[in-house]
1. With +1 on the Cβ of every Lys and Arg and -1 on the Cβ of every Asp and Glu, and nothing else charged, how large is the dipole of segment 490-553 about its Cα centre, in debye rounded to the nearest 20?
2. Show which aspartates and glutamates lie in cross-link reach of Lys852 when reach means a straight Cα distance below 16 angstrom and same-chain residues fewer than eight apart are skipped.
3. Ignoring ligands, DNA and RNA, what percent of the 1.4 Å accessible area of segment 514-653 is carbon and sulfur?
4. Between the DSSP loop rule and a limit of at most 12 other Cβ atoms within 10 Å, which GluC sites (Glu not before Pro) in segment 601-681 are left?
5. Among the aspartates and glutamates, which have Cα under 17 Å from the Cα of Lys836 when same-chain residues fewer than 8 positions away are ignored?
6. Please work out the FRET efficiency for the pair Thr72 and Asn93, using the Cβ-Cβ distance as r and a Förster radius of 35 Å; give the result to the nearest 0.05.
7. So what's the angle, to the nearest 10 degrees on a 0 to 90 scale, between helix 737-749 and the longest Cα principal axis of the chain?
8. Could you name the aspartates and glutamates whose alpha carbon sits less than 12 Å from that of Lys698, not counting residues in the same chain fewer than 8 places away?
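The values are calculated or read from the model by the stated rules, or taken from the named source; none is laboratory data. Values in this document were obtained by computation on a predicted structure and should not be read as measured data. Neighbour counts are summed over all protein chains in view; Cβ atoms, including those assigned to glycine, are modelled from backbone coordinates with ideal geometry. Just so you know, the surface numbers come from the protein's heavy atoms only, side chains and all, with ligands and any DNA or RNA stripped out. Shrake-Rupley method; radii C 1.70, N 1.55, O 1.52, S 1.80 Å.
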Amino acid sequence: MRGLAIERSAPTVVGRRVAVKAWLPFVLAIAAGFPTLAEVGEKPSPAVRFYVAENGHDQWSGGTPEPDTNRTDGPWRSLAPLADAVENCLRENPAAAIEVIVRPGRYELSSPVVLKFSQRKGNRLVIRGEQPLTALISGGRRIMKWVPATAVNDLPSQLPAESRPHVFVAELRDSGIGDYGSPGGGGIELYYQDAPMTLARWPNEGFVKIVDVLNEQPFKTHGIAGDKVGKFIYEESRQDRWQWEKDPWVHGYWFWDWSDQRHAIQSVDPEKHIITVKPPYHNYGYRKGQWYYGFNLLCELDAPGEWYLDREQGRLYFWPPNSVKTVSELLEGQPTVSCLDSLIEISDGENVEIANLVLAHTRGTAIRLVNCKGCRVSNSQLYLLGGWGIAIQGGQGCHVNGCQLRLLGEGGISATGGDRPSLTSAGHIIEENEISHYGRIHPMYRAGVSIGGVGQSVIRNHIHHAPHQAVGFSGNNHLIAFNEIDHVCLESNDAGAIYAGRDWTMRGTQIVSNYFHHISGFEDRGCMGVYLDDMFCGTAIRKNVFYRVTRAAFIGGGRDNLVENNLFIECRPAVHVDARAMGWASYHVDTTMTERLKAMPFESPLWQSTYPELVRILQDEPAAPKGNVIRVNICVGGTWENIEGKARPYLRMEKNLVLPGEAINDLFVDPNAEDWRFKTNDRIRQELPEFETIEFDKIGLKAGDKATSEYRPYRLILASQQTSSEKRQPSSPTRWEATIAKFEEKDRQEPPPKDPVLFVGSSSIVRWDVPRWFPDMVTLNRGFGGSQIHEVTFYADRIVSPYRPKLIVFYAGDNDIASGATPDEVLDRFQHFVRKVRESCPSAPIVFISIKPSLARWHLIDSIRRVNRMIQDFCQNHPDLKLSFVDVDQAMLGEDGKPRPELFVKDGLHLSEEGYRLWTQLLRPVIDAQHKEKQ
């Protein structure tokens with residue numbers, strides 16, 4: 001058996017419509033499903049099957065899913081035996097197909113799984129979870145030994161006194177962990193409740209600004225003054241105390257908005273308010289007004305969710321994000337530190353598939369495929385990683401599809417391969433994935449998808465909520481099609497949602513039928529949609545939709561680009577073309593641009609026939625932005641164009657329709673719902689008959705795509721153990737028995753207050769430090785994370801009735817919708833909860849907080865709003881039941897109509913401190929009113 005190497009013929013010169021039409025159906029046919037062995041006429045050998053289970057042992061054969069009665073043989077305990085088993089199987093049967101089934105459980109690796117196939121090729125190997133997303137492959141270690149900081153005698157003075165009652169301490173060396181890496185990136189991280197915790201920092205959110213630089217090595221670029229030496233003046237005296245820290249660091253955007261760097265601090269001068277960083281200094285220098293924050297600072301461990309590691313002692317300090325009082329409560333959140341750099345590394349493999357797994361807790365990239373052919377990563381979740389999710393280096397025909405990647409330290413998926421001189425395609429496909437909340441540690445130039453080489457495809461992905469690029473590309477003949485891209489470049493300005501730059505020879509890429517929306521840069525100061533930077537050439541931008549994107553299609557001095565048949569709505573401007581190589585960037589023409597041109601065989605017959613415009617570029621005004629075409633576009637609202645005067649004579653603009661913003665409601669089906677289909681094509685057909693229909697139904701992830709299944713932390717997935725046939729069945733409440741028993745044990749040890757305001761519900765209640773936010777009230781929190789309404793009802797006799805609350809604050813339903821319950825089912829569950837509570841608490845008012853809109857579950861917003869309306873109506877129509885409804889929906893939305901990012905922690909689901917501040921403000925008047933009414 002040989003691996004299938006997907007080959008695509010290179011498209012013809014960009015701008016010729018035949019290129020996309022001929023190429024796109026072929027790529028989409030491949031994307032629809034990678035050919036099986038049967039489809040290519042080969043009969044696979046019967047699979048050799050191995051099992052991995054939590055009750056296994058790595059000395060066993062792995063041949064059965066359960067241990068035998070004598071416990072002398074059975075499944076493996078981890079993937080550690082896999083490499084040797086594969087080698088032995090192939091030695092005995094070179095045609096063997098191998099399947100490794102990982103049963104539900106958590107599997108902490110002691111070293112990465114490394115598979116090298118340089119001597120044997122073509123055999124099929126599948127590593128898959130037995131049930132979808134119930135097997136966690138972890139590169140971390142759970143930390144089980146903690147003590148309260150108040151029980152530690154030798155606490156350093158830097159730990160704030162007010163933090164000590166909340167902090168727990170662990171000695172990592174006692175857990176066998178001694179390699180901590182650098183705070184600057186690639187080092188150890190702490191995860192808790194399936195979220196990355198924050199290395200102690202100040203300010204706790206956002207940045208502070210440089211007051212001034214010292215001008216020890218002053219310089220100017222683009223008329224902007226700076227200093228090459230890493231010394232700057234700070235304002236807040238709070239930073240004086242950083243001088244006593246063991247290993248303080250700063251992270252900042254020191255000169256440009258798009259270039260960051262982490263620096264160890266060399267010294268802090270409190271008298272002069274000067275911070276000096278350790279070399280090497282930032283390549284672009286430093287300047288007044290740029291922004292930074294300090295981190296790895298024990299003295300700044302002052303908020304829930306922060307941690308600090310003393311690398312000399314191996315001592316970890318942690319303030320959990322919820323009101324944890326005991327070590328047993330802390331352990332419920334499964335505190336985990338990352339240890340391994342990677343999880344799975346495969347080189348020279350063919351027909352290897354990784355499927356249905358959860359992969360987490362690495363310091364670097366989770367999966368690496370090097371020089372592999374026909375390999376696939378599918379239907380998996382990669383999260384809580386310090387580096388990239390998946391890296392494909394070289395090879396041909398590898399495929400990543402149906403995966404969810406989030407909370408990554410660097411980018412999502414990178415794929416390179418093919419040969420540029422011969423224009424040989426690699427044919428890697430990145431398809432139908434959701435990629436979000438990446439770039440946590442290294443935010444710049446770590447794209448959701450990064451492609452290079454020749455002939456990669458990025459199709460039908462949803463890429464969103466990230467500090468910088470969605471897609472970065474280099475090389476030739478790529479396809480970027482049918483993706484939804486939004487809320488990227490959130491921490492940068494001179495940046496693009498899709499970006500490439502500074503090369504005449506990297507041509508042939510098609511950016512087709514994507515939906516870009518709500519992209520406006522850091523502090524809404526502007527960025528770009530498609531950014532062809534510094535003379536980038538030969539790219540087609542066709543049939544895309546841009547909504548509220550600044551500088552939507554940006555040609556930065558390049559040549560032979562096509563902007564055609566796009567729909568621009570409220571973009572400012574829709575298109576931009578400049579002639580920078582004839583001005584400030586002219587020095588690149590004879591240096592970088594010419595060097596990169598001559599590195600390619602641009603005069604060869606192949607290149608001449610594929611890119612004929614390149615042949616005489618050096619003799620044809622190479623600095624001029626020639627050959628760009630902007631035609632048959634529609635612009636509604638916003639501003640149409642920003643064309644530099646020098647560029648205009650070289651530009652061909654024709655048959656573009658520009659309409660005022662007032663036309664939006666007349667033209668489109670439902671602007672409020674971002675439904676940009678035309679109500680009727682009559683006006684468009686009359687005024688711009690050449691405009692081709694945009695295929696909205698093919699853009700982005702659809703209901704039923706694997707990556708659209710709601711993100712749920714692995715901890716909760718494993719608890720429910722749902723199979724596909726059980727997805728619509730309510731989860732079993734008994735899965736929370738241990739948690740409820742701990743509440744009861746706590747009540748026995750420490751009697752609860754009388755007549756409390758009782759908070760019950762799911763994780764949004766669990767994480768709410770109600771004594772802090774309602775200090776004037778007697779409160780009690782009995783939320784349990786990940787719960788659904790029917791589960792709270794099930795335990796109401798044990799977590800509601802015994803406390804005889806004077807008022808009940810209830811939040812749940814979020815997880816019900818995410819688990820597949822219909823709005824009608826959620827309403828029925830809420831009504832059942834009310835009936836149950838009224839049996840024992842007939843007079844206690846019940847305040848229901850509406851199901852919140854969140855970044856992570858925005859695609860469920862229609863169902864969420866429907867059930868909120870139904871519950872609100874029920875509350876209003878039954879005054880005898882003493883129900884109140886607190887609507888948090890609109891208050892949590894920004895001007896763009898989407899959830900405000902500052903209200904959420906990094907997972908986009910749970911509330912930040914700002915989120916709880918808002919909820920407290922909304923809830924307090926209702927509680928006060930209920931108190932007055934009761935009195």
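1. 380
2. Within the straight-line limit of under 16 Å, Lys852 reaches these aspartates and glutamates: Glu710, Asp814, Asp816, Asp862, Asp887, Asp889, Glu902, Asp907, Glu913, Glu914.
3. 49
4. Those satisfying the criteria are Glu603.
5. Cross-link targets: Glu791, Asp797, Glu825, Asp828, Asp880.
6. 0.85
7. 50
8. Answer for Lys698, where 12 Å is the Cα cut-off: Glu432, Glu484, listed by chain and number.
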